[in-house]
1. Starting from residues that are among the charged types (D, E, K, R) and over 24 Å from residue 98 (Cα atoms), keep the ones in segment 14-62 and report whichever is surrounded by the most Cβ atoms within 10 Å (Cβ to Cβ).
2. Can you name the residue in segment 143-165 that is part of a loop (DSSP other than H, G, I, E, B) and of a type in the set (Gly, Ala, Ser) and is also nearest to the chain's Cα centre (by Cα) among such residues?
3. So residue 90 passes all but one of these: (1) farther than 25 Å from residue 169 by Cβ; (2) in a helix (DSSP H, G or I); (3) open to solvent by 50 Å² or more (accessible area, probe 1.4 Å); (4) touching a strand residue (DSSP E or B) at 6+ places or on another chain (Cβ under 7 Å). Which condition number does it fail?
4. Could you please give the count of residues in segment 58-83 that are in contact with a strand residue (DSSP E or B) (Cβ under 9 Å, 6 or more places away or on another chain) and either part of a loop (DSSP other than H, G, I, E, B) or modelled with pLDDT under 95 (or both)?
5. Can you name the condition, by its number, that residue 11 falls short on among (1) open to solvent by 30 Å² or more (accessible area, probe 1.4 Å); (2) at pLDDT 95 or above; (3) within 23 Å of residue 175 (Cα to Cα); (4) touching a Phe, Trp or Tyr at 6+ places or on another chain (Cβ under 8 Å)?
6. Name the residue that is nearest to residue 213 (Cα to Cα), counting only residues in segment 100-148 that are among the hydroxyl-bearing types (Ser, Thr, Tyr) and either crowded, with 22+ Cβ neighbours inside 10 Å or touching a Ser or Thr at 6+ places or on another chain (Cβ under 6 Å) (or both).
7. Taking the conditions exactly as written (farther than 25 Å from residue 124 by Cβ and buried (at least 19 other Cβ atoms within 10 Å of the Cβ)), does residue 83 satisfy them or not?
8. Only one of (1) open to solvent by less than 90 Å² (accessible area, probe 1.4 Å); (2) outside any loop (DSSP other than H, G, I, E, B) fails for residue 198. Which number is that?
Amino acid sequence: DVCSSDLLAGRRFGKTHSACAALVQRCFARPGATCVFVAPSVDTARRLIWNGLQDFDEAYRLGFSFDQSTSIATAPNGSRVLLKGIGNVREAAKLYGGHYDLIVVDEAQSCGSWLEYFCDDVAGPALEDHQGDLWLIGTTNASATGHFHKITTGHVGFRVWEASVFQNPKYPLWAGDPDWEAKAQAWWQTYLSERGWTEDHPIVQRQWFARWVRDTESLVFAF
């Protein structure tokens, strides 16, 4: 069956890196596969993952070719990763008619009202041919609203995975340290102390632990 999953993760966990690895893996799992990486705009998509794909290609000598003009990466077996920017329903509809092996929507918390339509009307049927997967990845927004909020708080049909930077042993501040967990906690206490925050602060809860906390102060200008 088509697998629909959400990765609800705090900052610096490595969400986009994980997505990059999944896209590369899926390209080599089936020759001629088509995978799609979606962000609110194509410029954002390129900023998030284009260099990452090239880093994977160079590190593992995968043999991808990269078309800068179309934002398409092509594997030696003919599989492709397409980068797409979707900002409204009209742009979401442009993926109609295709059949895909994996669709990853990054920064899902920032996606507009088109996200529900894209998941149900566009992506769902387009993944059935090859029993592909739909991933929505992101952190939480200050308004605690939107389709990403809905599906990570109990919407039927999605599996939700939660993570934070404290589960990322490759974060640059402690990568390679055998006692990385203790180093991470020491850094964290310093980070909070410098800002006069506790873990209950709304920004901490949203940005670092990806918890849905409505932060009304960040939604208005203070005069």
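The values are calculated or read from the model by the stated rules, or taken from the named source; none is laboratory data. Remember, predicted model here, so these are calculated numbers, not experimental data. Glycine also receives a Cβ, built like all others from the backbone with ideal geometry; neighbour counts cover every protein chain displayed. To get the accessible areas, we keep the full protein, side chains included, count just its heavy atoms, and leave off ligands, DNA and RNA. Shrake-Rupley method; radii C 1.70, N 1.55, O 1.52, S 1.80 Å.
1. 15
2. Restricting attention to segment 143-165, the residues satisfying the condition of being part of a loop (DSSP other than H, G, I, E, B) are 143-146, 152-158, 164.
Among the residues that remain, those that are also of a type in the set (Gly, Ala, Ser) are: 143-144, 146, 154, 157, 164.
Values: 143: 19, 144: 18, 146: 16, 154: 19, 157: 18, 164: 13 Å.
Filtering first and then ranking leaves 164.
3. The single condition residue 90 does not satisfy is (4).
4. Result for segment 58-83: 6.
5. So the condition that residue 11 fails would be (2).
6. Here is the first cut: in segment 100-148, the residues among the hydroxyl-bearing types (Ser, Thr, Tyr) are 100, 110, 113, 117, 139-140, 143, 145.
From the residues that got through so far, the ones that are either crowded, with 22+ Cβ neighbours inside 10 Å or touching a Ser or Thr at 6+ places or on another chain (Cβ under 6 Å) (or both) too are 100, 139-140.
Values: 100: 34, 139: 11, 140: 8 Å.
My answer is 140.
7. no
8. Against the list (1) open to solvent by less than 90 Å² (accessible area, probe 1.4 Å); (2) outside any loop (DSSP other than H, G, I, E, B), residue 198 comes up short only on (2).
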